[in-house]
Ligand code: KG4
Ligand code: ZN
């Protein structure tokens, strides 16, 4: 009897928020990683409109998957297994990717690995860096999440703390929306804050009343909006750069304060920074400085792998498959928004 071919080629799909993405991987190595952003669609609203996001995923997914196959020089029939983001994310958006992949897996009778979006963001670091030493302390900062994880060993994720209200990226996006700077707000704020004096405006750091590693950004957002109103700040105001630099600096300090605290208790061997906000150069350099202060190696994905992409989903899906090759046979796989 002919031996069954060992799976190696994977198609991964990510549609948890407003990026439609598909990647092809060969034994966990990314061959193609296509990302179609919906920024232009959501920009007039200053944030993601869930209904528009899922409709756009439906329009784009076929093209994105085809393009990922073409760039990898593969055909659908060559795919041995699938990985797809199960959650957390916008339920309508998640269901587009999940249903699309389920249809393919059912037709070709191949396994599907369901992937947690937040764990995939952490995995983005491992894609480009082999041999990251465990235990790892990972700070994940995105538009929907701000969380601190401790990974004792590969594929073990202990959540130490998360935001109790707004995520850091959401806080940046909302301040940018208020100033009518467009969406996503993070990159615009980074650009306009460059050269600004971060000591010109004072913001208190969010203080949690309880012990632990939770974050909070809604108070800082309210304080920023109040400062904008009181100083009549607009997109054209000469002190806008100073205001944005001060605000950005406070967001960075609030994020790193919890990392400092956790370092005392958990003593990791490596530090990871990931998620869309990890594209921010001020945060990247402050994070590296913090790590070198503790003589620890710090890993941050390259900018393209920080924001949502199917490559990171596939990379984690492949590791999950290797850890349990009998997984992936459940076509009842469901999406989870939280
Ligand atoms: O991880 P991501 O692509 O999507 C979620 O899972 O939420 O992150 C998107 C977030 C947005 O809030 C966006 O404003 C922020 O990442 N972002 C940035 C930068 N680039 C993207 N924030 C600060 N500086 C940037 N350069
Ligand atoms: Zn994300």
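Which three extents, in angstrom, do the Cα atoms of region 133-296 have along their principal axes, listed largest first?
Sorted from largest, the Cα extents of region 133-296 read 49, 29, 25 Å.
Could you tell me how many cubic angstrom of Cα convex hull volume region 55-205 has per residue?
190 Å³
Quick check: pseudo-label points 7 Å beyond the Cα along Cα→Cβ at residue 202 and residue 230, how many nm apart are they?
Label at residue 202, label at residue 230, 1.0 nm between them.
Compute a Gaussian network model of the chain, connecting alpha carbons closer than 10 Å, and tell me which residue from 231, 280, 309 fluctuates the most.
231
What value does region 212-274 have for Rg/Rh, both radii from Cα atoms and Rh as Kirkwood defines it?
My calculation puts Rg/Rh at 1.13.
Pick from 119, 257, 51 the residue whose mean-square fluctuation is largest in a GNM of the chain, springs joining Cα atoms under 10 Å.
Residue with maximal mean-square fluctuation among 119, 257, 51: 51.
Any idea what the relative contact order of the chain is, in percent, if you count C-alpha pairs under 8 Å spaced at least 6 apart?
In percent, rounded to a whole number, it is 25.
So how far apart, in nm, are the two label points at residue 338 and residue 239 if each is 7 Å from Cα heading toward Cβ?
Placing both labels 7 Å along Cα→Cβ, they lie 4.1 nm apart.
Taking the convex hull of the alpha carbon atoms in the chain, what volume per residue do you get, in Å³?
Normalising the Cα hull of the chain by residue number yields 134 Å³.
How many times 2.2 N^0.38 Å is the alpha carbon radius of gyration of region 104-157?
Its radius of gyration relative to the 2.2 N^0.38 Å reference: 1.41.
Given springs between every Cα pair under 10 Å in a Gaussian network model of the chain, which of 291, 124, 323 has the largest fluctuation?
Answer for the Gaussian network model of the chain: 323.
Give me the angle, in degrees from 0 to 90, between the Cα long axis of helix 310-323 and the longest principal axis of the Cα atoms of the chain, rounded to the nearest 10.
Taking Cα atoms only, the helix is inclined about 60 degrees.
Using a 10 Å cut-off on Cβ atoms, rank the peptides 261-269, 172-180 from the highest mean neighbour count down.
Answer by packing, highest mean first, reads 172-180, 261-269.
If all Cα-Cα distances of region 229-311 are sorted into 10 Å bins from 0 onward, what percent lands in each bin, rounded to whole numbers?
15, 39, 28, 14, 3
In what order do 112, 79, 132 fall by count of nearby beta-carbon atoms within 10 Å, going from fewest to most?
The order, fewest Cβ neighbours first, is 132, 79, 112.
Return one quarter of the surface area of the convex hull spanned by the alpha-carbon atoms of region 130-198, equal to its mean projected area, in nm².
Average of the hull's projected areas for region 130-198 equals 6.7 nm².
Readers should treat all values here as calculations from the given coordinates under stated rules, not as data from a laboratory. As the structure is a computational prediction, the values presented were derived from the model and not from experiment. All Cβ positions, glycine included, derive from the backbone under ideal geometry; neighbour counts span all protein chains shown.
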